[in-house]
Amino acid sequence: MLHAPFTRRLAAASAALALALTGGAAASPAVADPRAVEKTHTAVGTGGAVSTVDPEASAAALEVLRKGGNAVDAAVAAAATLGVTEPYSAGIGGGGYFVYYDAATESVHTIDGRETAPAGADFQTFMNPATGKPYLFGELVTSGVSVGVPGTPATWERALENWGTLSLGEALRPAIKVADRGFVVDETFRKQTDDNRARFANFTSTSELFLPGGALPTVGSIFKNHDLAETYRLLARQGTEDGFYAGPLAEEIAATVQAPPTVPTPTLPVPAGTMTTADLAGYEALDQDPTHVEYRGYDVYGMAPSSSGGTTVGEALNILETFDLAGMAPADALHHYLQSSGLAFADRGKYVGDPAFVGVPTKALTDPVFGKERACLINPDTAAQTPFAPGDVASYDGVCPAAPAALADEQDTENLSTTNLTVADQWGNVVEYTLTIEQTGGSGIVVPGRGFILNNELTDFTTTSFDTADPNRIEPGKRPRSSMSPTILLNEDGTPFLALGSPGGSTIITTVLQTIVNRVDLGMTTPAALAAPRASNRNFANSIGRAFVTAEPGFIDEFGDDLAPYEYLLVKSGDAFTSAAEIGAETAIEFLPDGRMLAAAEPVRRGGGSALVLTPSP
Ligand code: GLY
């Protein structure tokens, strides 16, 4: 595995911080102890800020910041803690995308830590030999077939090497502590365990860890994960190259994928995968240039392919830039938001895949001239009644075409999983990081005795057809297309304005887009922009080809009547009061003109998040 040069910054601060975090400083307070349970959704102040979905993770990041660590150190500490407290959304068995704003150079950098398909994974691995047809999606979800080579451990190490001041072992220390002393089970954790109960019961390793004695964890009880603490200690001692991507743990991961540890009479088919130790040894987290568009005077940086987040949010913003949303009635502005995302999703479907395998036209997709031409297809009075066709990235000039385009369709799946975090430090560095194991509960397969769940990220490839024109078809060594959209907006002077991101599968893109529109165009505060009810247009059609938009029940209640003249088919994203009704659960930090930071976390969805600042404002 290749690594960027080890560029440690703030070396003196690092040494002092390392001493404190390793317990070498006698006077240093314990890290993230006692247990953090309180959730503050908005915090304003100075010195550093963090927002995650979880109070333990935010507390861990704040402690690192308090002791002089930078945003990258704190982000890795928070992510590792989320691996303990949010094990069904993210962890070292998964992957993600790390976006970093460097205050000293006023530049944005990213790491693509996406999972990769093993060398043995091609379209045949998605075929059920018993039927000669593709596996059903539900059969792939709980399987070794869908497990990609994890990218999260390499991402953490790469981020720390590139921009951090701590070693991996030092950054893992708060998470090790939380894993050993346990966290307080909340309703979200209990519910997510319950939702996965039938799947988890198929595996000896998973039921031992998450369903001991067959029982669900009770709210208010303490959940410990000594196996994960021990695995983190292994990574701390050996680094990820020797401790995770090679050696006994790599052998156990490959063996688990090839022969999932099922109970004697599993209720699911659990097809085996092909991952080998060579696949693990070959994994690399990739330094990537971000995507960039300008929107209303802000520079918007996002994640380039293999995620479709940066190109799709960016294209939609370029489309919206041609309209005066702030001057419109709210329903009219929402109509333009919804149509812009439908158009951008059409192009994502046709053009975006892993750039190592597909010639992704990132420049065209984020070109304002292309956006201007796509904007021509928005009818100001009516929603498109059928999905938008993709545009032509090889031939565009910003002039409206004479004839309407042909129809197109797009397949995708809902997904409530994944997690997101935002951190800023006293020097003005910012991290926006989205990470996942794909489905809530991932593949459902815990590596025996190691305390973490393997992802099922390969279900983010197209699973039902293997068309060579599809940029997202499965191929050996390829990264499945993601929707993760960690995004940072800079002011014209190069200072940060807003960093944000969300979980939620393909709705991540629309959640981030809608929040930017809420904040920049519609005059909402950042906390209000995060809390506002959501709708998501991903260019879907129902069985008779009618375009539809999924929307939270609260959105339909608030805007359904006002949007009626536009003839939307609004489909509820789920019944009210179920987690399926929720679209996204964001974290964000806004950088206020007076120098203070405003940390904002989702107030309600998924139980609400935790926003903290180092020195709160009076
Ligand atoms: N697994 C969710 C995504 O990558 O978009």
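The values are calculated or read from the model by the stated rules, or taken from the named source; none is laboratory data. Since this is a predicted model, take the numbers as computed values, not measurements. Backbone-built Cβ (ideal geometry, glycine too); neighbour counts: all protein chains shown. For accessibility, only protein heavy atoms count, side chains too; no ligands or nucleic acids. Shrake-Rupley method; radii C 1.70, N 1.55, O 1.52, S 1.80 Å.
Points to keep in mind about this one:
- Kirkwood hydrodynamic radius (C-alpha pairs) into Stokes-Einstein, region 119-233, 37 °C and 0.692 mPa s, D in µm²/s: 190 µm²/s
- Relative to its Kirkwood radius, the Cα radius of gyration of region 270-312 gives an Rg/Rh of 1.27.
- Both radii come from the Cα set of the chain: Rg as radius of gyration, Rh as Kirkwood radius; their ratio Rg/Rh reads 0.95.
- Using C-alpha pairs under 8 Å with a sequence gap of at least 6, the mean separation divided by the residue count of the chain gives a relative contact order of 23 percent.
- For the chain, with +1 on Lys and Arg beta carbons and -1 on Asp and Glu, the positive-most of Asn318, Gly428, Gly47 along the dipole: Gly47
- Size of charge dipole - region 433-545 - debye, nearest 20, with Cβ of Lys, Arg +1 and Asp, Glu -1, no other charges: 240 debye
- Think of a 1.4 Å ball rolled over the protein heavy atoms: the chain then has 34 Å² of accessible area per residue.
- List Ser543, Ser221, ordered by accessible area with a 1.4 Å probe, largest first: Ser543, Ser221
- In this rough spin-label picture, where each label sits 7 Å from Cα along the Cβ direction, the Asp557-Cys376 distance is 4.3 nm.
- Annotation: aspartates and glutamates with alpha-carbon distance below 15 angstrom to Lys67 (same-chain offsets under eight excluded): Asp33, Glu170, Asp425.
- Simple point charges give the picture: +1 on the Cβ of Lys and Arg, -1 on the Cβ of Asp and Glu, and for the chain a dipole about the Cα centre of about 1300 debye.
- Theoretical gain in end-to-end length, Glu567 to Asn491 [0.36 nm per residue, Cα-Cα removed]: 23.7 nm
- Distance cut-off 15 Å, percentage of C-alpha pairs in region 427-483 lying past it: 61 percent
- Surface composition of the chain: carbon and sulfur make up 56 percent of the accessible area, probe 1.4 Å.
- What the Cβ-Cβ distance of Asp392 and Ser465 gives, at R0 = 22 Å and to the nearest 0.05, is a FRET efficiency of 0.45.
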